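Structure, as structure tokens:
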Amino acid sequence: MDKDLLTLRDLNYGELEELFALTAKLKRERGKSDFRPLAGKSIGLIFAKSSTRTRVSFEVGVHELGGNPLYLDQGKMQIGRGETVADTARVLSRYLHGIVIRTFAHAEVEELARVASIPVVNALTDEYHPCQILADLFTILEYSGTLKVKTVFVGDGSSNIANSLMLAAKLTGMHLVIAAPRDFAPNRAILAECGGAVAWREDPDEAVKNADYIYTDVWVSMGFEAEKAERLAKLAPYQVNDRMLKFAAPGVKLLHCLPAHRGEELTAEVMDSDASIVFDEAENRLHVQKAVLATIFRNPAR
């Protein structure tokens, strides 16, 4: 990882190991360390989508690293009124030391990073969610001590979470199975890119056999509200519930990037069960993102 983090393609395995070592250190020493790599730096947080975890974890993280987080509502910026992404990148590069962006089209983030002279971190697009997946991987590492586990993503296989999980499997050697109906099959190009690390199955019960981790996400993400009825109907057989967990390995753990829609992609019973580690996973967003920012700004010139 050099200037930007746009997808997990920006990391190699050695860099991931270093990132997680720093994540563990920052988590362990939170509130006890004077580590301030962002001292004197202002980080713009551009948000086009509603957010709880992403906004709070990045604002708190920048502050704890000694920086000044500046929240920018994309709808109230000139970019929301027709200013080009390139012009916005050039202007913000004169004011800020880095940009974190949560928006819709991934192409916009790519253009922002291409033109900006400051680091850009993708906090979510419709296609990728790298910071979330880094937190997921770190959580798996905490619980299993290894990333060589079987993880099954159940639900919309075309989502940004599924896309990023596939790249994570390619990066780490994790065995990933996507359980999804044909209408929500995983991205063919990414599936091909990841080779034997990822498999797609339409039968969810078959997919979760001997799974160490079962991962699910909302069925109707922001921007897809018009498809809600169709999505709920087609994805109903993929609900994570007590019956499904019985097919998995003993001690299976549940992952969810949150927010959860209880009664849709998972039951409340599973969400609140001993198998659920979703709140540990959510906490780790803070620690991983701090490590990402600290790694990007380890170069004093930045």
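The values are calculated or read from the model by the stated rules, or taken from the named source; none is laboratory data. Source: prediction; values computed, not measured. Reconstructed Cβ throughout: ideal geometry from the backbone, glycine too, with neighbour counts over all protein chains shown. Just so you know, the surface numbers come from the protein's heavy atoms only, side chains and all, with ligands and any DNA or RNA stripped out. Shrake-Rupley method; radii C 1.70, N 1.55, O 1.52, S 1.80 Å.
Available extension along the chain between residue 193 and residue 29 is 55.3 nm, counting 0.36 nm per residue and deducting the alpha carbon span. Cα axis of helix 13-28 to longest principal axis of the chain: angle in degrees, 0 to 90, nearest 10? Its long axis makes an angle of about 80 degrees. What you get for the stretch 197-268, charging only the Cβ of Lys and Arg (+1) and of Asp and Glu (-1), is a dipole of about 200 debye around the Cα centre. Between residue 280 and residue 182, the FRET efficiency estimated from the beta carbon spacing at R0 = 30 angstrom works out to 0.35.
Between residue 21 and residue 222, the modelled labels are 3.6 nm apart [label points 7 Å from Cα along Cα→Cβ].
Counting every C-alpha pair in the stretch 52-200, the share spaced more than 24 angstrom apart comes to 43%. On a per residue basis, the chain carries 43 Å² of accessible surface, using protein heavy atoms and a 1.4 Å probe. For the stretch 209-214, the Karplus equation 6.51 cos²θ - 1.76 cosθ + 1.60, evaluated at θ = phi - 60°, returns couplings of 4, 6, 6, 7, 9, 10 Hz by residue, with Gly and Pro reported as x. For residue 127, the residues 5 or more places off, or on other chains, whose built amide H falls under 5 Å of its own are 106. In the chain, what percent of the accessible surface is made up of carbon and sulfur (1.4 Å probe, ligands and nucleic acids excluded)? Accessible surface attributable to carbon and sulfur in the chain totals 49 percent.
With viscosity set to 1.306 mPa s and temperature to 10 °C, compute the Stokes-Einstein D of the stretch 1-100, Rh being the Kirkwood radius across alpha carbon pairs; µm²/s, no decimals. Result for D is 104 µm²/s. Over the stretch 1-44, the fraction of Cα-Cα pairs per 5 Å bin, rounded to whole percents and listed from the shortest bin up, is 5, 17, 18, 22, 23, 13, 1. The alpha carbons of the chain give a radius of gyration and a Dmax of 18.9, 55 Å, in that order. Quick one: work out Rg over Rh on the C-alpha atoms of the stretch 169-236, Rh as Kirkwood radius. Rg/Rh for the stretch 169-236 comes to 0.99.
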